[in-house]
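Encoded as structure tokens, the structure appears first; notes follow it.
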Ligand code: BTN
């Protein structure tokens with residue numbers, strides 16, 4: 001029951017103007033990203049959500065696979081943002097997930113730059129952003145969000161050391177419909193504000209788990225290590241290297257070094 005995803009329940013009492021106004025739901029699909037791309041290429045309304053109870057070929061960033069069984073929230077949102085909004089999307093999606101998990105599950109994850117959510121330093125949520133460009137214009141953007149909600153990570157030994165779930169952390173299962181609905185609400189608030197030039201930079205920065213910590217960062221085939229000093233309003237990471245220099249990394253993947 002808690003794992004059921006029902007578009008009617010999702011749409012009920014949802015006062016959003018666009019996110020979740022159209023919901024396409026699947027019980028099983030390869031990847032919601034692919035379904036969202038097909039919808040976007042047919043000019044589906046902005047804010048259309050593709051949601052699946054289970055994905056069989058779910059993908060993560062950097063060609064990684066993402067395990068997406070029943071009990072994980074898996075959805076993709078279709079957006080048609082202006083080019084200037086693209087950098088801010090790495091703040092909006094994790095913050096919408098962070099706020100909704102905090103409200104619904106009463107546990108507050110932290111952000112690992114750029115847009116992973118961790119609880120006790122294990123991954124609970126991942127975000128994948130795919131932009132389709134036409135010249136210098138954005139044709140469409142698909143925001144994929146995966147949250148480990150009601151999953152027993154002991155059933156997935158291949159990721160159990162690095163991942164966790166809401167139910168493993170709180171001892172309680174939460175309603176997938178409630179969590180998804182709250183995510184739509186938070187995403188619309190954040191996206192609407194961003195369209196008016198108001199970015200949640202401070203909230204994104206202040207919820208970072210890596211600041212002041214030793215990290216390795218892979219970016220464009222190079223691996224850097226240093227202290228994560230700060231993140232900038234353009235979404236980049238400021239990394240202090242061992243020779244004292246400060247570098248600015250626009251895109252990459254950070255890993256915490258635990259000693
Ligand atoms: C990552 O952390 O590498 C990103 C994971 C993103 C997973 C989500 S689940 C919904 C959507 N469909 C996919 O195939 N991937 C994203």
Requested in this report: Could you please give the count of residues in region 113-124 that are within 10 Å of the ligand (Cβ to nearest atom) and more than 21 Å from residue 200 (Cα to Cα)?
Outcome: 1
Query raised in the report: Out of (1) within 25 Å of residue 2 (Cα to Cα); (2) buried (at least 20 other Cβ atoms within 10 Å of the Cβ); (3) over 12 Å from the mean Cα position of the chain (by Cα), the odd one out for residue 73 is which?
Result: (3)
Report summary line: In the set 221, 202, 173, 186, the lone residue that is on the phi < 0 side of the Ramachandran plot and free of Cβ contacts under 8 Å to residues at least 24 places away in the same chain is 202
Requested in this report: Answer yes if at least one residue in region 109-119 is out of contact with any strand residue (DSSP E or B) (no Cβ under 9 Å at 6 or more places or on another chain) and touching a residue at least 12 places away in the same chain (Cβ under 8 Å), and no otherwise.
Outcome: no
Report task. Find all pairs meeting these conditions: Cβ atoms under 8 angstrom apart; at least six residues apart or on different chains; first residue within region 50-64 and at positive phi; second residue near the ligand (Cβ under 7 Å from one of its atoms) and assigned to a loop (DSSP other than H, G, I, E, B). Result -> none
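Just a yes or no: is a residue in region 146-153 near the ligand (Cβ under 9 Å from one of its atoms), without any contact (Cβ under 8 Å) to a residue 40 or more places away in the chain and within 29 Å of residue 17 (Cα to Cα)?
No.
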Requested in this report: Of the conditions (1) in contact with a strand residue (DSSP E or B) (Cβ under 9 Å, 6 or more places away or on another chain); (2) surrounded by 15 or more Cβ atoms within 10 Å (Cβ to Cβ); (3) under 25 Å from residue 237 (Cβ atoms), residue 169 clears all except one; give me its number.
Outcome: (3)
Query raised in the report: Is it true that some residue in region 131-142 is without any contact (Cβ under 8 Å) to a residue 40 or more places away in the chain, out of contact with any strand residue (DSSP E or B) (no Cβ under 6 Å at 6 or more places or on another chain), loosely packed, with under 13 Cβ neighbours inside 10 Å and assigned to a loop (DSSP other than H, G, I, E, B)?
Result: yes
Query raised in the report: Do you know which residues across region 218-237 are in a strand (DSSP E or B) and within 21 Å of the chain's Cα centre (by Cα)?
Result: 218, 219, 228, 230, 231, 237
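Give 9, 44 a once-over and let me know the one that is more than 15 Å from residue 140 (Cβ to Cβ) and surrounded by fewer than 21 Cβ atoms within 10 Å (Cβ to Cβ).
Exactly one of 9, 44 is more than 15 Å from residue 140 (Cβ to Cβ) and surrounded by fewer than 21 Cβ atoms within 10 Å (Cβ to Cβ), namely 9.
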Requested in this report: Would you check which residues across region 213-254 are surrounded by 15 or more Cβ atoms within 10 Å (Cβ to Cβ) and out of contact with any strand residue (DSSP E or B) (no Cβ under 8 Å at 6 or more places or on another chain) and list them?
Outcome: 235
Requested in this report: Report yes if residue 210 is in contact with a strand residue (DSSP E or B) (Cβ under 9 Å, 6 or more places away or on another chain) and assigned to a loop (DSSP other than H, G, I, E, B), otherwise no.
Outcome: yes
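We did not get these values from a lab; they are worked out from the coordinates using the rules stated. Note that the coordinates shown come from a computational prediction; the quantities given were computed from them, not determined experimentally. Note that we place each Cβ from the backbone using ideal geometry, even for glycine, and neighbour counts take in every protein chain shown.
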